[in-house]
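Student: This is the structure, below, for whatever I ask next.
The values are calculated or read from the model by the stated rules, or taken from the named source; none is laboratory data. Just so it is clear, the model here is predicted, and its values are computed rather than measured. Every residue, glycine among them, receives a Cβ derived from its backbone with ideal geometry; neighbour counts consider all protein chains shown. Accessible surface is based on the protein model in full, side chains and every heavy atom, while ligands, DNA and RNA are left aside. Shrake-Rupley method; radii C 1.70, N 1.55, O 1.52, S 1.80 Å.
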There are 2 protein chains.
Amino acid sequence: LCPRRTPRRPPRESERSLVEWLATRPQTAGRIGDDAAIFGPRAAHVVTVDSQIAGVHFPADLEPEILARRLLAVNLSDLAAMGARPAHAFLALAAPSGFAHRRFFGSLLRAAGRHGLELAGGDLASGPSISASLTLIGERWPGARRWLRRSDARPGDDLFLGGTVGDSALGLELVRLGARLGRRGVSLPEAASLDAELRPAARRAVRRHLLPTPQLALGAWLSRHARGAAIDVSDGLARDLHRMCAASGAGAVVESARLPLAAGLEPLAVALGLDARSLALGGGEDYVLLFTLPEGVAPDPALRCRRIGRIQHDRAVVLVDAAGRAEPLADRGWDHLSDRP
Amino acid sequence: LCPRRTPRRPPRESERSLVEWLATRPQTAGRIGDDAAIFGPRAAHVVTVDSQIAGVHFPADLEPEILARRLLAVNLSDLAAMGARPAHAFLALAAPSGFAHRRFFGSLLRAAGRHGLELAGGDLASGPSISASLTLIGERWPGARRWLRRSDARPGDDLFLGGTVGDSALGLELVRLGARLGRRGVSLPEAASLDAELRPAARRAVRRHLLPTPQLALGAWLSRHARGAAIDVSDGLARDLHRMCAASGAGAVVESARLPLAAGLEPLAVALGLDARSLALGGGEDYVLLFTLPEGVAPDPALRCRRIGRIQHDRAVVLVDAAGRAEPLADRGWDHLSDRP
C-alpha cells in the first residue's frame, strides 16, 4: 500500500564539485585551496595531508621500504609547492596482519632524517589492506620571504616547470602491466615486450612513478625570490595549470614544443600504444613544481627548470604548437573521487 | 642444490614493542608517547592523528553522519587529554564510489563548528573501503598553565576518572550482534533477546560506543589547575593506567568498588554473558580522561569525576577489592596491531 520508492542514491560526486562546495562552508574559513594550509601565529607553519592506499596509489605487493619513501615524497612535494621546510611528520597507518612494520618505519625514518624531518606522532591500526596517511608540518626556510600560493600568478608572468612530465604516468602504465621496483631495481614485464634500447627509459619511468623526487630546493629558492604562483603537478599538468589559473583569475599560453619530456619517453610511449604528449599534459603524479615568475626573472640554472609559456590576462588556457596554432588546453587529469581520469 | 629456505616471515609485531622501538629512534626525537605531540615556538601547539577504518573501528554500514562525528570525537578526546583547545583539522578520506560525501562532510563541519574547529585541508581518494584519518591541531585554552602529559603522575597523587568505563565495550558487543545507530536512534538486535528493562541501558551503551563525548571541558579545567598526569582511556583502563604509570615511573592502587559503571551496566553485561568489571578494566574506547591531581585537590564537582585510587611509589599497579584484598591489575586492553585484545 505504500508506493515503492526508488532508493535515494547520491549523485556521483566529483572531487572538484565537492571541494568547491567545501570551500564555501564557514567552517573551512577560506583555507581550502593550496597544496598545504597556512596556520599559526605570524603564519609560521603550513600543514599538508596525503594518503597512499594499496590498489589505488600503489600495487599491493610494493615493498614496505618503497611505500614509505613514496608516501613521504608525495607529501614533501606539497611542502615544496608551498616553499616550506619539512619539520614534523605524523603518520596514520593501517595494515593487515603480517605487514613488515619495522621495514616500513626503518625506511620512513631514514628518509625523514635526510630531510631534517621528525616523526612526532601517529596512529597504528590493523586493517584489511594497507592505507597510510601522512601529515606534514612545514616551517619557513631561512631567508624565506613568502609562502608560495597557487593564486599569485599575474598576466605577463613566465610559466615554468621544475622537471619532466609524463614519465610518471608512463611508469604507472608499466606497473599496471606488471613492472615492479624492488631491492634489486626495476623488473619489467614480459607482457610489455620492450626492445632492449627502450628498457633503460622504461626502468627510469617506473622508478620515477614509484619514487618521485620532491622539489624542495626549488621551493626554497622560490620562497626567497620575487613573486609568483606555485603548485605541484600531482593530477596532471593541464588540470593543475587550470587550478592555478582559476585561483589567480588569469589564463595561460603553453608552448607545446617546450614541454620537457624525459629522454626516450616518446619512442617508449609509441611502443606501448600511448601518446607522449597526452601523458605529459594529463598523466599526473609528476610531482614537479609548476610556477610563475615575473617576466625577466629566471630560476637558478642549477635548478634545471624549463620555461613552458606565460600567464595571460584572458582567462583561457591554450596550447600553442610549433607552427603557432593555438587550441584550448582542456582541464584533463585525475579526479580523486573517480577511479580513473 | 640450494638448501630450501624457510621464507623469511616477520615476527608478529605488537603495538607496544613497535612503539617502544620507534621511541628510541633519533628521528622521533623523544616525542612519541603522549596523546598528542607538542610542537612549535613556545610549545604553542599540539598535534594528534587518529583513524577510523570500516570493519575495524566501525561497522561498514554506519551512517556517514555518525561516522563523521565519531571520527571527530575520538580525535578530540586526544586534545582533551592534552588540555588543548581544538583549532584546525585536516582530513584524509578514502571511500568507495557512491559514498555520500556531502552527508559526511556536512556532519563533520557542523560538529567541528560546535567546537570552534576549522577544517583547513585534506586529501580525498577513492578506495575499496572507507578509511578516514583526521589530524587535529590544538592550541592553549585561555588561562592554561600547562599541557597535560601522561608522565606527570607522582606518588601520593589521587587518581580520577572523568566518566564511566565499560559501557562502550558493551556497546561494541551489541554492535557486533547487530545493533545499529541511525537517524531514528538505536535499533537493538533480536539476537540479543534483551528484556525490556535492559533496553534503555543497551541503547545508551551503543550510543556511547559509536558517539563518545570528548571531555574537552575537563581537559581545559586541568590545564588551568595544579599539576598531575592525564591520558584518555582509549585502549582500556588497565592498559592506559599502565602506560601512565610506566611514563611516570610510578605505580597505582585502584579501588575496585570505586570504578564508575554506567547505570544498568551490570545486569546488561550478565544478560550478554559478559563480566562488567572486565569490560570496565579492559574494554577500551571509553574516551574518558584518566588523570591525577595532588592529594587534596579535587576537580570541579560540575565535571562529575570519580576518584578511583592513588599513585604510589611502588611501581606495581594493583586492584584492591572492598575487603582490602589486593591483586595485580594486568596490562590488558587493545593492541592496535592485533585484531582483538
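Student: Looking at residue B:206, is it β-branched (Val, Ile, Thr), at pLDDT 95 or above and surrounded by 22 or more Cβ atoms within 10 Å (Cβ to Cβ)?
Tutor: Spelling it out, residue B:206 is indeed β-branched (Val, Ile, Thr), at pLDDT 95 or above and surrounded by 22 or more Cβ atoms within 10 Å (Cβ to Cβ).
Student: Which ones in the stretch B:207-216 are among the aliphatic types (A, V, I, L, M) and over 15 Å from residue B:75 (Cα atoms)?
Tutor: Hits for the stretch B:207-216: nothing passes.
Student: Still on this structure, I have one more. Name every residue in the stretch A:102-136 that is under 20 Å from the mean Cα position of the chain (by Cα) and either at the interface with chain B (Cβ under 7 Å from one of its Cβ atoms) or of a type in the set (Asp, Glu) (or both), in order of residue number.
Tutor: A:112, A:131, A:133, A:135
Student: Which of the following residues is open to solvent by less than 10 Å² (accessible area, probe 1.4 Å) and closer than 29 Å to residue B:32 by Cβ: B:247, B:226, B:230?
Tutor: B:230
Student: Filter the stretch A:279-304 for residues that are out of contact with any helix residue (DSSP H, G or I) (no Cβ under 7 Å at 6 or more places or on another chain) and within 14 Å of residue A:262 (Cα to Cα); which is most open to solvent (accessible area, probe 1.4 Å)?
Tutor: A:304
Student: Residue check, residue A:306 against (1) of a type in the set (Lys, Arg); (2) at pLDDT 95 or above; (3) out of contact with any strand residue (DSSP E or B) (no Cβ under 7 Å at 6 or more places or on another chain), all met but one. Which one?
Tutor: (3)
Student: While we're looking at this one, here's another question. Identify, from the list B:210, B:188, the residue that is without any contact (Cβ under 8 Å) to a residue 24 or more places away in the chain and in contact with a Gly (Cβ under 9 Å, 6 or more places away or on another chain).
Tutor: B:188 is the lone residue from the list that is without any contact (Cβ under 8 Å) to a residue 24 or more places away in the chain and in contact with a Gly (Cβ under 9 Å, 6 or more places away or on another chain).
Student: Still on this structure: Report the residue count in the stretch B:106-159 for those that are modelled with pLDDT of 95 or more, open to solvent by less than 30 Å² (accessible area, probe 1.4 Å), farther than 21 Å from residue B:73 by Cβ and in a strand (DSSP E or B).
Tutor: The number of residues fulfilling the criteria is 2.
Student: Taking the stated definitions as given, is residue B:64 touching a Phe, Trp or Tyr at 6+ places or on another chain (Cβ under 7 Å), on the phi < 0 side of the Ramachandran plot and more than 9 Å from every other protein chain (Cβ to nearest Cβ)?
Tutor: yes
Student: Could you tell me which residue of the stretch B:42-56 is farthest from the chain's Cα centre (by Cα), considering only residues that are more than 7 Å from chain A (Cβ to nearest Cβ) and open to solvent by 30 Å² or more (accessible area, probe 1.4 Å)?
Tutor: Among those residues, the one meeting the criterion is B:42.
Student: Could you tell me how many of the residues in the stretch B:191-220 are more than 19 Å from the chain's Cα centre (by Cα) and not in a loop (DSSP other than H, G, I, E, B)?
Tutor: 10
Student: Can you pull out the residues in the stretch B:160-185 that are assigned to a strand (DSSP E or B) and buried (at least 21 other Cβ atoms within 10 Å of the Cβ)?
Tutor: Answer for the stretch B:160-185, where residues must be assigned to a strand (DSSP E or B) and buried (at least 21 other Cβ atoms within 10 Å of the Cβ): B:160, B:161, B:181.
Student: Moving on to the next point. Of a type in the set (A, V, I, L, M) and within 22 Å of residue B:175 (Cβ to Cβ), is that true of residue B:237?
Tutor: So residue B:237 passes the test.
Student: Out of all the residues in the stretch B:74-101, which are more than 7 Å from chain A (Cβ to nearest Cβ) and assigned to a helix (DSSP H, G or I)?
Tutor: Correct list: B:74, B:75, B:76, B:77, B:78, B:79, B:80, B:81, B:82.
Student: I've got another one for you. Hey, among the residues in the stretch A:75-105 that are out of contact with any Pro (no Cβ under 9 Å at 6 or more places or on another chain) and more than 25 Å from residue B:41 (Cα to Cα), which one's surrounded by the fewest Cβ atoms within 10 Å (Cβ to Cβ)?
Tutor: A:97
Student: Listed residues B:285, B:295, B:255; which is out of contact with any Lys or Arg (no Cβ under 7 Å at 6 or more places or on another chain) and within 14 Å of chain A (Cβ to nearest Cβ)?
Tutor: Being out of contact with any Lys or Arg (no Cβ under 7 Å at 6 or more places or on another chain) and within 14 Å of chain A (Cβ to nearest Cβ) holds for just one of B:285, B:295, B:255, which is B:285.
Student: Scan (1) surrounded by 13 or more Cβ atoms within 10 Å (Cβ to Cβ); (2) closer than 27 Å to residue A:76 by Cα; (3) of a type in the set (A, V, I, L, M) for the single condition residue A:272 breaks and write down its number.
Tutor: All conditions pass for residue A:272, except number (2).
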